[in-house]
1. Could you bin all the Cα-Cα distances of chain A into 10 Å bins starting at 0 and give me the percent of pairs in each, rounded to whole numbers?
2. Could you tell me the center-to-center distance, by alpha carbons, between the stretch A:135-210 and the stretch B:29-44 in angstrom?
3. How charged is the neighbourhood of B:Val148? Take every other residue with its Cβ under 13 Å from the Cβ of B:Val148, and add Lys/Arg as +1 and Asp/Glu as -1.
4. Please work out the C-alpha center-to-center distance from the stretch A:229-256 to the stretch B:185-219 and express it in whole Å.
5. Give the aspartates and glutamates whose C-alpha is closer than 13 Å to that of B:Lys228, dropping any in the same chain fewer than 8 places away, or say none.
6. Shielding of B:109-121 by partners, i.e. mean partner chain Cβ atoms within 10 Å per residue?
7. When the Karplus curve 6.51 cos²θ - 1.76 cosθ + 1.60 is applied with θ = phi - 60°, which whole-Hz ³J(HN,Hα) does each residue of the stretch A:92-98 get, with x for Gly and Pro?
8. Give the cross-link partners of B:Lys128 among the lysines, using a straight C-alpha distance below 30 Å as the criterion and excluding same-chain residues fewer than 8 apart.
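Just so it is clear, none of the values below were taken in a lab; they were calculated from the coordinates. Model, not experiment: these values are computed from the prediction. Cβ coordinates were reconstructed from backbone atoms using ideal geometry, including for glycine residues, and neighbour counts include every protein chain displayed.
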Amino acid sequence: MLRFIRETYAIVAVELIKLIRDPTELVSRAIQPLLWLVVFGQVLAHVRGIHTGQVNYLAFITPGILAQSILFSAIFYGIAIIWERDLGVVHKMLVSPAWRASLVFGKAFAAGFRGIIQMVVIYLVALVMHVSIRLDPLIILAVLGSVMLGSGIFATFSLIIACIVKTRERFMGIGQLLTMPMFFASNAIYPITMMPGWLRIAAQFNPLTYLIDALRGLVITGGTSVYGFGVDFAVMISIFAVLLFIAVKLYPTLAE
Amino acid sequence: MVPSSHMNSTIFETPDRFAIQTVALTRQFGRLTAVDHIALKVHYGEIFGLLGANGAGKSTMIKMLTTLLPPTSGSAEVGGFDIVTSPAEVRRRIGYVSQLLSADGALTGFENLQLSARLYGLDKKEGKARISDALNFMGLTDSASKLVRTYSGGMIRRLELAQAMLHRPAILFLDEPTIGLDPVARHTVWDRLLDLRQHYGMTVLITTHDMEEAEMLCDNLAILHTGKVSVTGKPGELRAGLSQDATMDDVFAHYAGEAIHENTMFGDVARIRRTAQRLG
Ligand SMILES: Nc1ncnc2c1ncn2[C@@H]1O[C@H](COP(=O)(O)OP(=O)(O)O)[C@@H](O)[C@H]1O
Ligand SMILES: [Mg+2]
């Protein structure tokens with residue numbers, strides 16, 4: 001266990017150093033959610049076309065946009081992995097006696113910090129726009145946990161795709177292909193109950209749905225989790241465990 | 001100066017065994033057999049050269065021996081452990097510098113070394129001491145806090161060597177370590193390698209298609225051609241085996257199936273052809 005923590009820390013430390021040294025990517029990734037909240041959210045809030053219960057529309061989509069920006073910043077994580085493969089950094093990791101599980105988990109954990117930065121940006125924007133955010137420290141802690149978990153899921157998923165496609169071009173294609181459908185087949189900007197039947201079924205197989213459901217219950221005043229936190233976290237943790245298992249098997253094939 | 005205090009932490013050999021021993025080691029990629037039933041024996045403490053033209057199978061061989069690539073068939077022991085059944089034991093005993101430039105350009109030299117120290121489980125104090133030794137040994141102390149992307153090719157290679165030796169491996173694998181370096185940088189790398197062997201008793205397996213390098217560094221050579229070993233021996237023996245005045249380039253041309261340099265000069269071609277004729 002101690003060894004697992006030490007090795008994971010080695011990977012996380014490196015990722016954090018790089019993140020702090022070159023935050024341009026983070027800044028550019030923060031712009032998109034800003035547009036969604038400020039433009040899309042405000043316009044649709046005026047239209048009043050989507051019924052979101054007691055909470056207003058802007059508040060309703062705030063957790064959705066948070067989850068979306070987590071998805072978008074984590075899903076292209078695989079690009080960095082492919083880059084490391086082309087450089088030979090992956091090879092260097094894999095000839096070391098470090099556990100493969102530590103290496104993969106370290107990557108997933110580091111992705112969580114990117115998610116947290118997105119969270120800070122969105123919280124600031126939401127506060128400026130008078131969205132009623134719950135600022136209870138325990139709630140914030142739970143949101144942080146959800147953000148880390150969500151980022152871990154999508155980053156690991158991204159890593160798996162990188163291990164399969166192995167080139168940047170193919171990865172970009174698949175990344176592009178996956179993110180928008182995942183976003184729209186979720187409860188990010190409309191409730192599940194408004195979806196046609198087939199989309200509702202798709203949404204139920206989408207991990208993003210459970211992340212959003214949990215966040216909606218946590219982030220905003222008066223927000224509710226439709227499935228319940230128990231279901232949300234059970235589903236997310238199971239998915240994360242399965243993805244980690246697959247990633248640990250596939251990661252070593254990057255060096256072949 | 002080179003510290004001697006860590007010498008006894010190198011995992012030394014039991015003298016009756018080989019550092020590397022392969023039996024019919026084979027790797028296929030689809031229908032291509034990149035490494036074809038190779039049998040090799042490398043003694044502890046020697047610098048062993050794996051030579052061959054591009055595509056001969058050198059990197060594939062090294063990747064199997066360093067546990068990065070599973071063999072299709074055959075077997076190999078590195079440091080006394082089977083590469084397939086005990087990869088973790090093998091990894092603990094080896095260092096590897098890949099053909100690619102594997103140091104992370106977004107980190108400083110020190111941070112690159114720190115990552116290695118942590119992945120190899122060196123404790124904090126020991127890690128720090130070894131990092132500063134390694135930087136010193138490789139002549140990188142002054143550049144330790146600079147980003148690696150500002151390093152020259154030769155500095156990056158030396159940093160990678162420093163990373164690969166940090167945990168005092170018994171066996172070091174170097175895949176074309178001096179490719180693309182200018183002559184001065186190449187000689188510096190050679191000097192460091194010879195020092196490494198002398199001070200830490202490391203066994204080194206090096207791949208190259210540079211004959212000067214082979215002659216200069218290697219105690220024993222194996223020349224690969226399309227995945228098979230075409231000859232093994234000491235550089236001097238291989239030359240003598242061809243003819244009285246054969247050069248290493250002649251040896252390579254004869255056994256590796258082609259001349260080394262794509263832009264071989266006319267004079268070289270003539271000489272290679274003469275050699276071929278002589279050997280009839
Ligand atoms: N991952 C791979 N997939 C398919 N073919 C490969 C792979 N790696 C190497 N090869 C092929 O195997 C042969 C030997 O390659 P390699 O071991 O890299 O040669 P060398 O290092 O001697 O130049 C080459 O024909 C190369 O194209
Ligand atoms: Mg090669």
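1. Result, from short to long distances: 7, 31, 35, 19, 7, 1 percent.
2. Each part's Cα centre sits 44 Å from the other's.
3. +4
4. If we compute the Cα centre of each part, the gap is 43 Å.
5. Reachable aspartates and glutamates: B:Asp36.
6. Per-residue shielding by partner chains comes out at 5.
7. Along the stretch A:92-98, the couplings run 5, 5, 6, 7, 6, x, 4 Hz.
8. A:Lys18, A:Lys92, A:Lys107, B:Lys63, B:Lys146
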